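Below: one structure, written as structure tokens.
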Amino acid sequence: MVVACVVIATVAAIGLTVTAEKEYSATAALLLRSSAAVDPQRAVDTNLQLLSLPQVAERAAEELSGMSGEEVSGAVETKQQGESDIIEATAVSSDSQKAADIANGFAEAFVAFRGEGNREGQQTGRVELVERATPDDTPISPKPLRNIIFGLAIGLVLGIALALLLEQLDRRVKREDDLTEATGLSRLAVIPKRKSFDRDHLGQGALSPAETEVFRMLRANLRYFNAKKEIKSVLVTSAEAGEGKSLVSLGLALAAVSSGERVLLIEADLRDPGLSKVLGLDGVGGLSGLLSSDAGGTLEGAVTTVQAGKLADAIGEMTLDVIPAGAIPPNPTELVESDQMKNLISQAEEKYEFVIVDTPPVLVVADAIPLLFEVSGVLVVSGLGVATRSSAADLAEQLDRLGAPTLGLVANFAEHTGRSYEGYGYGRPPDADLMQSGKRSGGPAATPGNQ
């Protein structure tokens, strides 16, 4: 903002300087000769007042062709030269010769005006034209250097003011520490802002080992969050849409799979099923079909197995079980808060070592609220540059008011995390042969027809 304002103001100053009409000035000097009985300064002040009379300008206009008295008066400025008895009459015009003519014509008109007063017996003192104005081809305006400096100064002040104003008006949280302060929740992980994590690119290529390591750190923090309580299932939510909760859900699932755990990822966001799009799963069946089935479908029938190795290099040939959202139903809230959904989570906790439930934003729709108490804990995702202080604080307050088992906070879209994600950042790259032979055994098998 500051740079833009400085550049714009400077360019504008240069443009005005180039296009502005040049002005020239010329000065004629008048000497006042007053009697000894009159105070010299008072005499000067009196003559300055007389110089401003319309009669003087009208008399000068009669001698200057093509000008009115008002034009002459507007073009001439009179002032005392220091503390002397000399008064300067300076004329400004777009032509240097015309400026000299106006100054001389005005001075001569005043000398004649004062002379007439003396002849009539007013005895106001004598005035002499002691220095005639001469043309000066150096323009007094515009002044390029001064204008550019003014443009820079104005742009700098305006840019800083606008930047500060926008900073005050922008309530989005930019730093991880501000999220922690606004919510009062423990920060479990910081997810960097990367193209491969973007919703439009997620799933288009495999995450690097270092990118997967970010979510492994989150999984480790969750595992040891409470040594006395086993975290079997986690509900992932956010305050608003677009904060990256689906990314965190998928990344956490991949990290758990890479550790050898039997993992089930449930897409319970039946209004905007982003995970299905990322994983390439169609909208038939899935969670909505299971929950709306009168015959009472089975957990195994809704599960789809995907190749986790296509999503993360460090996983090899391991697989991930997913229950996609399925077709968007007309009554998502009723389905999610149904007894079938509660039984589904209970069955999943018995069959799998770790269950992740991706839900809609809590402050946007109420779908996630019935599930808050059906899981071991709630994981809050807040997007830096997306979440506002008020929305983050409101979410934490609502979860606290409901008595939800909130585990902590994930700060998403961090600009700088202080580490490199082009490689591991610590240690050496994994052995490619070992990664290819990393297929685990004993996990839940894919059901017939699943992809």
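The values are calculated or read from the model by the stated rules, or taken from the named source; none is laboratory data. Just so it is clear, the model here is predicted, and its values are computed rather than measured. Cβ coordinates were reconstructed from backbone atoms using ideal geometry, including for glycine residues, and neighbour counts include every protein chain displayed. The protein model used for the area step is the full one, side chains on, heavy atoms only, and it has no ligands, DNA or RNA in it. Shrake-Rupley method; radii C 1.70, N 1.55, O 1.52, S 1.80 Å.
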Fill in: All positions within the range 238-265 that are open to solvent by 10 Å² or more (accessible area, probe 1.4 Å), part of a helix (DSSP H, G or I) and either touching an Asp or Glu at 6+ places or on another chain (Cβ under 6 Å) or basic (Lys, Arg) (or both)
Lys245, Ser246
Worksheet item: What number of residues in the range 138-162 are exposed (fewer than 15 other Cβ atoms within 10 Å of the Cβ), touching a residue at least 60 places away in the same chain (Cβ under 8 Å) and part of a helix (DSSP H, G or I)?
Response: 4
Worksheet item: For the range 328-341, which residues satisfy the criterion of being open to solvent by 50 Å² or more (accessible area, probe 1.4 Å) and assigned to a helix (DSSP H, G or I)?
Response: Glu334, Asp339, Gln340
Item to complete: Looking only at the range 53-74, decide whether some residue is in contact with a strand residue (DSSP E or B) (Cβ under 6 Å, 6 or more places away or on another chain) and more than 30 Å from Leu165 (Cα to Cα).
Response: no
Fill in: Residue among Leu379, Leu399 that alone is at pLDDT 90 or above and closer than 19 Å to Asn221 by Cα
Leu379
Item to complete: Pairs only if they're at least six apart or on different chains, beta carbon under 9 angstrom, first in the range 397-415 and on the phi < 0 side of the Ramachandran plot and hydroxyl-bearing (Ser, Thr, Tyr), second open to solvent by less than 20 Å² (accessible area, probe 1.4 Å) and in a helix (DSSP H, G or I); list them, first residue then second.
Response: Thr406/Ala396; Thr406/Leu399
Item to complete: Identify the residue in the range 266-292 that is aliphatic (A, V, I, L, M), in a loop (DSSP other than H, G, I, E, B) and open to solvent by 10 Å² or more (accessible area, probe 1.4 Å) and, among all such residues, is farthest from Ala210 (Cα to Cα).
Response: Val284
Worksheet item: When you go through (1) surrounded by fewer than 22 Cβ atoms within 10 Å (Cβ to Cβ); (2) in contact with a Leu (Cβ under 6 Å, 6 or more places away or on another chain); (3) closer than 22 Å to Val410 by Cβ one by one for Ala325, which number turns out not to apply?
Response: (1)
Worksheet item: Looking at the range 46-85, which of its residues are among the aliphatic types (A, V, I, L, M) and either within 60 Å of the chain's Cα centre (by Cα) or in a loop (DSSP other than H, G, I, E, B) (or both)?
Response: Leu48, Leu51, Leu53, Ala57, Ala61, Leu64, Met67, Val72, Ala75, Val76
Worksheet item: Scanning the range 15-37 for residues that are of a type in the set (Val, Ile, Thr) and open to solvent by less than 60 Å² (accessible area, probe 1.4 Å), which turns out farthest from Ser84 (Cα to Cα)?
Response: Thr17
Discussion item. If Phe113 satisfies all but one of (1) at pLDDT below 90; (2) out of contact with any helix residue (DSSP H, G or I) (no Cβ under 9 Å at 6 or more places or on another chain), what's the number of the condition it fails?
Written reply: (2)
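Okay, residues lined up against (1) at positive phi; (2) open to solvent by less than 70 Å² (accessible area, probe 1.4 Å); (3) hydrophobic (A, V, I, L, M, F, W, C); (4) touching a helix residue (DSSP H, G or I) at 6+ places or on another chain (Cβ under 7 Å):
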residue: Leu51; (1), (2), (3), (4): no, yes, yes, yes
residue: Gln55; (1), (2), (3), (4): no, no, no, yes
residue: Glu58; (1), (2), (3), (4): no, no, no, yes
residue: Ala61; (1), (2), (3), (4): no, yes, yes, yes
residue: Ser73; (1), (2), (3), (4): no, yes, no, yes
residue: Ile86; (1), (2), (3), (4): no, yes, yes, no
Worksheet item: Any idea which residue in the range 383-416 is most open to solvent (accessible area, probe 1.4 Å), counting only those that are in a loop (DSSP other than H, G, I, E, B) and not aliphatic (A, V, I, L, M)?
Response: His416
Response to the item:
Taking the range 342-373 and keeping residues open to solvent by 20 Å² or more (accessible area, probe 1.4 Å) and more than 17 Å from Ile323 (Cα to Cα) leaves Leu363, Val364, Val365, Ala366, Ile369, Pro370, Phe373
Practice prompt. Mind counting the residues in the range 1-13 that are surrounded by fewer than 15 Cβ atoms within 10 Å (Cβ to Cβ) and over 21 Å from the mean Cα position of the chain (by Cα)?
Written response: 2
Discussion item. If I filter the range 23-45 down to residues being of a type in the set (A, V, I, L, M) and assigned to a strand (DSSP E or B), which single residue comes out as nearest to Ala99 (Cα to Cα)?
Written reply: Ala26
Response to the item:
Among the residues of the range 163-180, the number that are part of a helix (DSSP H, G or I), open to solvent by less than 50 Å² (accessible area, probe 1.4 Å) and under 14 Å from Ala414 (Cα atoms) is 4
Item to complete: Report yes if Ile231 is in contact (Cβ under 8 Å) with a residue 24 or more places away in the chain and touching a helix residue (DSSP H, G or I) at 6+ places or on another chain (Cβ under 6 Å), otherwise no.
Response: yes
Worksheet item: Somewhere in the range 295-314, is a residue in a loop (DSSP other than H, G, I, E, B) and acidic (Asp, Glu)?
Response: no
